[in-house]
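The block underneath contains the structure these notes are about, expressed in structure tokens.
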Amino acid sequence: MKNLPNFTDSLTQLIASASISSSQESWDQGNLAVIQLLATWFEQLDFNIDIQAVPGTRNKYNLLAKLGSGEGGLLLAGHSDTVPFDENRWQSDPFKIVNQDDKFYGLGTCDMKGFFAFILQACKGLTSEKLKKPLYILATADEETTMAGARFFTQNKDIKPDVAIIGEPTNLVPVIMHKGHMSHRITIQGESGHSSKPNLGVNAIEIMHQVIGQLMQLKERLAHNYSNQAFDVKEPTLNLGAIHGGDNANRICGHCVLDIDMRALPGMADSELIQLLAEALKPLAEKYPSRVSFAELDPSSPSFEQNKSSGLVSLAEEISGHQCCAVNYATEAPFIQQLGCQTIVLGPGSIDQAHQPNEFLAHSEIDKTDVILAKMIQRYCL
């Protein structure tokens, strides 16, 4: 008899296995405990298990589990990591499930370890003999920072399911479109000196002030020239996220950096946004030779769009009872789509709970998610 946990117990074990991703090394953790836990469970269900070390990360891994053989089939995908947490704002231990008020509270309940607990229950009773096409389960690493797991997987795994569902929290509404994401650091190299003799230095903050003026004009041009009515924020966005410069009031600032975030609409290439940024900064780069530069902070994530007329979208709308939509945040969907399959984002929980203190998954999502997964497996594998 297979010793597999029920939904609550599997969710409890997943949440207890910390797997925080962060650009800050003090927070960043490996995810091997989560991957091994999933591997143990799916091995008991006779899935073939492949664990893949993700290069360039701190002890992080992908897991691909496969049941059945042949071509096509269904891929259920999600990330195994979570964001950091603010202990002072949590009302309970983030790594211990609290079941109250018809909700499961815990770090990763909706974003998105809970999805794997649902998948495990959906797979009980399946055998390779029953499947006409394979069922794949993918758990990726580092989605919350660089998406290194999904990037590496799609470059190094030769599978081609018919369809893929990424179980990010969408309130079980099929998402077929989202913006891309890129971040850059603009650097101003000035010359420091005593504030009493400004003519002997070059103030990097003053140049950055001019840079910000150019960026605000670029922001206006983006809003004027580009639009997609599917989004609630219809234009590409540009955010001034963090600025650092100078060290004392009586010194001319010799160095200043500004980190910005840009989000492209579907159909816009990353290179197009980067070119617009370069053109906005060009007048100042010419005015101050060798003092104005910009560089990518993290690898960019492309925008995503799935054809609304695809069979997967129609089925997802029918089963979920919701019309498909577009969202402003980024997911692993554009990377999974590179496998050559129809791809949507559809999962339990609300994005409003993701990355928040006291994150929860509502009990009301359980039966609905069970039905959706069962019908998807029935349609594409049985």
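The values are calculated or read from the model by the stated rules, or taken from the named source; none is laboratory data. Bear in mind the structure is a predicted one, so any value in this text is a computation, not a measurement. Positions of Cβ are backbone-derived with ideal geometry, glycine not excepted, and every protein chain shown enters the neighbour counts.
Quick look at the numbers
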{"read-out": "Scope region 13-32; condition buried (at least 18 other Cβ atoms within 10 Å of the Cβ) and among the hydroxyl-bearing types (Ser, Thr, Tyr); matching residues", "value": "Ser17, Ser19, Ser21"}
{"read-out": "Leading residue by the ranking (nearest to Ala150 (Cα to Cα)) among those in region 77-105 that are in contact with a Phe, Trp or Tyr (Cβ under 7 Å, 6 or more places away or on another chain) and not polar (S, T, N, Q)", "value": "Gly78"}
{"read-out": "Total residues in region 195-215, condition under 21 Å from Ser293 (Cα atoms) and surrounded by 13 or more Cβ atoms within 10 Å (Cβ to Cβ)", "value": "13"}
{"read-out": "Of all residues in region 184-218 being small (Gly, Ala, Ser) and either part of a loop (DSSP other than H, G, I, E, B) or assigned by TED's automatic domain parsing to the domain that holds Ser314 (or both), the one that is farthest from Leu240 (Cα to Cα)", "value": "Ser196"}
{"read-out": "Residue list for region 160-170, restricted to those being surrounded by 19 or more Cβ atoms within 10 Å (Cβ to Cβ) and not acidic (Asp, Glu)", "value": "Pro161, Val163, Ala164, Ile165, Ile166, Gly167, Pro169, Thr170"}
{"read-out": "Any strands (runs of 3 or more DSSP E) falling wholly within region 61-143 and containing at least 1 residues that are farther than 21 Å from Ser10 by Cα and either touching a Leu at 6+ places or on another chain (Cβ under 6 Å) or modelled with pLDDT under 95 (or both)", "value": "74-79"}
{"read-out": "Selection within region 121-158 - in contact (Cβ under 8 Å) with a residue 24 or more places away in the chain, surrounded by fewer than 24 Cβ atoms within 10 Å (Cβ to Cβ) and over 23 Å from Ala53 (Cβ atoms)", "value": "Gln121, Ala122, Cys123, Lys124, Leu126, Thr127, Ser128, Lys130, Leu131, Lys132, Lys133, Pro134"}
{"read-out": "Residue within region 95-109 that is buried (at least 18 other Cβ atoms within 10 Å of the Cβ) and over 22 Å from Leu361 (Cα atoms) present", "value": "no"}
